[in-house]
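For reference, the structure is listed below as structure tokens.
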Amino acid sequence: MGTDLLDDLCTAVIEGDEAKAASAAQLALCEEIAPSDVLAAVNRAADEIGRQYECGEFFLPELFAGADAMIKVVDLVLPELERGGIEPKGIIVIGTVEGDIHDIGKRIVSAMLAGAGFRIHDLGTNVPASKFVEEAREVNANIVAASACFSTTTIRLPQIEEALCEAGIREKVIYIVGGAAVSRTMVDWAKADGYGQDAAEAVRVVSSLIEGKEHS
């Protein structure tokens, strides 16, 4: 029964069916399936969505729908994880840089990272460097993720790294960048630790950087 429920949940997320995904997640929790197992099913769905998107089988509408379904499930599961004292893989502060109001891509990245077991603190859009630092300190984040979708706002990316340095927390924080105006060649310029071209890559990069930091 448990396996069937988790399979149903995974399928619902892949199909972008919010109601069905939420119902399957709620039923799984009522059946006392571990919240971590529910989240693992979401992660499995996120991997499949990312694979199909990268292969050209899914497009932006499917990606958006899957992200919304993931958010719905994560919102249900998160309180259970916190009550059970289950530690997240990492705590991420994410936002779109100051002067930039694009939100959709960031929301997809946030959903897939949450589905992968990370605790997300989404600051929204038009976020100044000082706010990234303030929130990272407050929640004891070990990852800061910044998105820029205008070429004119990419200048904010190195400013965030500088603010983290000035606050004295740069060494404990992994800094990653992304967004439509950002490319892999800009990582060094932005003084970042990594870059995600899309949501699926962002999950892989963050997971790899966290693992590397734990073993360093």
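The values are calculated or read from the model by the stated rules, or taken from the named source; none is laboratory data. Every value quoted in this text rests on a predicted model; they were computed, and no experiment measured them. Reconstructed Cβ throughout: ideal geometry from the backbone, glycine too, with neighbour counts over all protein chains shown.
Residues satisfying the criterion are present in region 148-162 (criterion: crowded, with 24+ Cβ neighbours inside 10 Å and either out of contact with any strand residue (DSSP E or B) (no Cβ under 9 Å at 6 or more places or on another chain) or more than 30 Å from Phe59 (Cα to Cα) (or both)).
Taken over region 57-102, the residue count meeting the criterion of being over 16 Å from Ala202 (Cα atoms) and assigned to a loop (DSSP other than H, G, I, E, B) is 13. Within region 128-165, restricting attention to residues that are part of a strand (DSSP E or B) and out of contact with any Ser or Thr (no Cβ under 6 Å at 6 or more places or on another chain), the residue that is farthest from Pro79 (Cα to Cα) is Ala146.
When Thr152 is tested against (1) closer than 17 Å to Ile94 by Cα; (2) touching a residue at least 40 places away in the same chain (Cβ under 8 Å), only condition (1) is not met.
Here's the yes/no breakdown for (1) modelled with pLDDT of 95 or more; (2) of a type outside the set (Val, Ile, Thr):
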residue	(1), (2)
Asp75	no, yes
Leu113	no, yes
Ala116	no, yes
Val127	yes, no
Ser130	yes, yes
Val139	yes, no
Thr152	yes, no
Ile160	yes, no
Ala167	yes, yes
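When Ser23, Ser36, Ser110 are checked against the criterion of being assigned by TED's automatic domain parsing to the domain that holds Thr153 and of a type in the set (Ser, Thr, Tyr), a single residue qualifies: Ser110.
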